[in-house]
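Taking it in order: structure first as structure tokens, then the write-up.
The values are calculated or read from the model by the stated rules, or taken from the named source; none is laboratory data. This is a predicted model, so every value here is computed, not measured. For neighbour counting, all protein chains shown are included, and Cβ atoms are generated from backbone atoms with ideal geometry for every residue, glycine included. The area values use the complete protein model at the heavy-atom level, side chains included, leaving out ligands, DNA and RNA. Shrake-Rupley method; radii C 1.70, N 1.55, O 1.52, S 1.80 Å.
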Amino acid sequence: MRMTGAVAAAAGVFASAVLLAGATVAAVADDFESARQALVREIERDVRDTAEYLSRRELDARVMAAMAVVPRHEFVRPGDRDLAYANRPLPIGSRPDDLAAVHRRGHDRPDRARPRLRALEVGTGSGYQAAVLSLLCEEVYTIEIVEPLGLQARERLARLGYRNVRVRIGDGYYGWPEAAPFDVIVVTAVAGHVPPPLLKQLKPGGRMVLPVGTRFTTQQLVLVHKLADGKVRTRQMLPVSFVPLTGGHD
């Protein structure tokens, strides 16, 4: 099945929603405020258009509120600022609605009213998704394999005041063992399988969202749920397109 633009968009929004749970998000005002609000409305339309994939017609209001205040223009190159709130991928970043789709799934939890979640992100990129997560999780750990990108993201997140985010330079396939277990894990690059180290670091009751497939075949956004007894359930959510997960692993 060929992935439409709306489906691709919803994938990211869906991914972001997986990681977030119940914090209050403060409003911010700047020259891009109206553009952010327009982007949120577009994402809401995309979610309705892809309800058959996401099994819902709307995303958690807290996820949308977070995306409505994070200044995406701070996470793109200066020459791309005018496009920062277009629902499209930009250099070193994913489509905003792809991110939102990822976040939603991890927060279908009985304790969703509590923000005391520890999240792991594999693939920091510009740091935009980590910023969104930081508004809705108590602790965010994010790993970037490309050192210059990771260092830039660390500086940017610190400058913008996202103090509950820790950035590591390394191979995200192996996770962050000393910070485990994680309530939520989000992988922003496609792997041929669910990485065993990440599955091991997922807390019982926790959820992981990642694209599974190869660069040249159909990829699926997959939800992994580790049950309280340690058993694992997986569910294919929707077709997506992500860059490969790189590193020294098979």
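Summary of values
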| read-out | value |
| --- | --- |
| Some residue of the range 19-38 being modelled with pLDDT under 75, among the acidic types (Asp, Glu) and closer than 24 Å to residue 208 by Cα | no |
| Criterion (in contact with a Phe, Trp or Tyr (Cβ under 7 Å, 6 or more places away or on another chain) and modelled with pLDDT under 95) met by exactly one of 179, 189 | 189 |
| Near pairs, Cβ below 6 angstrom, 6+ apart or cross-chain, from the range 197-217 (over 18 Å from residue 123 (Cα atoms)) to any residue that is aliphatic (A, V, I, L, M) and modelled with pLDDT under 95 | 204/228; 205/228 |
| Of all residues making up the range 227-250, the number that are free of Cβ contacts under 8 Å to residues at least 12 places away in the same chain and not in a loop (DSSP other than H, G, I, E, B) | 1 |
| Hits in the range 120-145 (condition: acidic (Asp, Glu) and buried (at least 24 other Cβ atoms within 10 Å of the Cβ)) | 121, 144 |
| Among (1) open to solvent by 20 Å² or more (accessible area, probe 1.4 Å); (2) touching a strand residue (DSSP E or B) at 6+ places or on another chain (Cβ under 6 Å); (3) at pLDDT 95 or above - the single one residue 196 does not satisfy | (2) |
| Test: residue 162 is aromatic (Phe, Trp, Tyr), open to solvent by less than 50 Å² (accessible area, probe 1.4 Å) and in a strand (DSSP E or B) | no |
| Among residues of the range 168-187, those that are open to solvent by 20 Å² or more (accessible area, probe 1.4 Å), in contact with a helix residue (DSSP H, G or I) (Cβ under 7 Å, 6 or more places away or on another chain) and farther than 18 Å from residue 228 by Cα, counted | 4 |
| Residue tally, condition outside any helix (DSSP H, G or I) and closer than 17 Å to residue 132 by Cβ, over the range 143-159 | 2 |
| Some residue of the range 227-249 being crowded, with 19+ Cβ neighbours inside 10 Å and closer than 20 Å to residue 178 by Cα | no |
| Search result, residues across the range 146-159 that are open to solvent by 10 Å² or more (accessible area, probe 1.4 Å) and small (Gly, Ala, Ser) | 158 |
